[in-house]
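Okay, structure first, notes after.
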Amino acid sequence: MKHSTSRTSVIFSVFLFLGFFVFAGQVFAVDSASVKIQPSIIEERADPGKDFNGKLTATNTGATSQTYNVVVKDIESIDANGRPIFSKEKEVTGFEMSSWVEVQNKTFTLAPNESAAIPFVVRFPKDAAPGGHFAAIFVSAGGQKPATIGAAVGYDVGALMSFQVSGDVVENANIRQFSSDKTVYGETNVKFTVKMENTGNSLIRPRGIVEIMDMFGKKTETLKLNDSGAAVFPHSTREFTVSWEDKKPHLGKYTAIASFSYGLDVKRTVFSQTEFYIAPTNIITPVLGFLFLVALILYISVKLYIRKKMKEYGIKNEKTARKADFSSRSTVMFLAFIVFSAIFILVLLAMLA
């Protein structure tokens, strides 16, 4: 029974933190083990040597009285999917702050539908490292402390805290990779992947766009990147994806330019570009088939024309006839090439219009 409860709490904690990093700045409450915590996100700036006074509200949404424990844990990083990775106890990561947090009412009991305040103070040391510091205040149902599973901690419900300590704050990032999933497409269904690397010491929430240009430099489409403002942890890389789908046919070489803006006080922008091709087979195949048929008909017509001329001049040697009629046939083939090319281009333009 205890094993089942621990597994359930792990699942809830994953969804809680995934929600924080994906839907940045959105205040919400998560129900788990019949308890609700508000607010779920605290994101502030702080100065070394100063205190931050905060308060959480816990509500028992269950049908029976319940005792809860309060625990504070550090977050050392996030994984590729935006889920936080919790540091081990007393582990030094450069982003820790749990030891600065003083929580009142670490154990309390609530009747059904009853709420209680959980005051806390974050005492920032005078030598607190500038940049981002991250922790979570968890409320766990039951008389025992929550269990630890590897580097991740399974708790019921938590409120995340992200503080930027003033000083030598470094906000620096770059696009480590920008690419499409293929080089040549048979239809307009292109998936772009952007890997954003945060090389600074503060959390960033980059937002951007992908602009798509055709072979003539005309802007075809503009896509939004990370419009929700998902965070990129310091000294980590996070992947963002966006897709371009269009029922209207497109043809030729395209250039996609990705641009990200980030920064609290000073906005910075980074760029990267990639190229790909669209060759709609549902259009090109019928057109090429038609041109092949026309070319075959022309070839047969030229052969028949040569034989007719041979009979008119009484020439039995086909090789001699070819030499005699080389200039005429060359002219016909050249004109045919020009006509076919013009037809091919006009048909494609008409179908893509």
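Mind checking which residues of the range 187-196 are more than 11 Å from the chain's Cα centre (by Cα) and either closer than 19 Å to Leu264 by Cβ or crowded, with 18+ Cβ neighbours inside 10 Å (or both)?
Taking the range 187-196 and keeping what is more than 11 Å from the chain's Cα centre (by Cα), we get 187-190.
Correct list: Thr188, Val190.
Counting the residues of the range 87-118 that are in contact with an Asp or Glu (Cβ under 7 Å, 6 or more places away or on another chain) and assigned to a helix (DSSP H, G or I) gives 1. Right, Val121: surrounded by fewer than 17 Cβ atoms within 10 Å (Cβ to Cβ) and in a loop (DSSP other than H, G, I, E, B) or not? Criteria not met by Val121. Cβ-Cβ under 8 Å, sequence separation 6+ or interchain: first residue in the range 246-261 and over 30 Å from Asn172 (Cα atoms), partner crowded, with 19+ Cβ neighbours inside 10 Å and of a type in the set (A, V, I, L, M, F, W, C). Which pairs? These pairs meet every condition: His250/Ile278; Leu251/Ile278; Gly252/Ile278; Lys253/Phe276. For the range 208-245, filtered to residues that are surrounded by fewer than 16 Cβ atoms within 10 Å (Cβ to Cβ) and touching an Asp or Glu at 6+ places or on another chain (Cβ under 7 Å), the residue that is farthest from Pro130 (Cα to Cα) is Lys219. Does any residue in the range 197-208 that is closer than 14 Å to Val270 by Cα and touching a residue at least 24 places away in the same chain (Cβ under 8 Å) come within less than 7 Å, Cβ to Cβ, of a residue that is outside any loop (DSSP other than H, G, I, E, B) and of a type in the set (D, E, K, R) six or more places away or on a different chain, and which pairs are these? Note: pairs meeting the criteria are Glu197/Arg176.
Checking the condition in contact with a Gly (Cβ under 7 Å, 6 or more places away or on another chain) and among the β-branched types (Val, Ile, Thr), which residue from Val210, Val170, Val194, Val184 passes? From the options Val210, Val170, Val194, Val184, the qualifying one is Val170.
Values in this text are rule-based calculations from the coordinates and carry no lab data. Treat the numbers as computed from the prediction; the structure is a model and nothing was measured. FYI the Cβ positions are ideal-geometry reconstructions off the backbone, even for glycines, and counts take in every protein chain you see.
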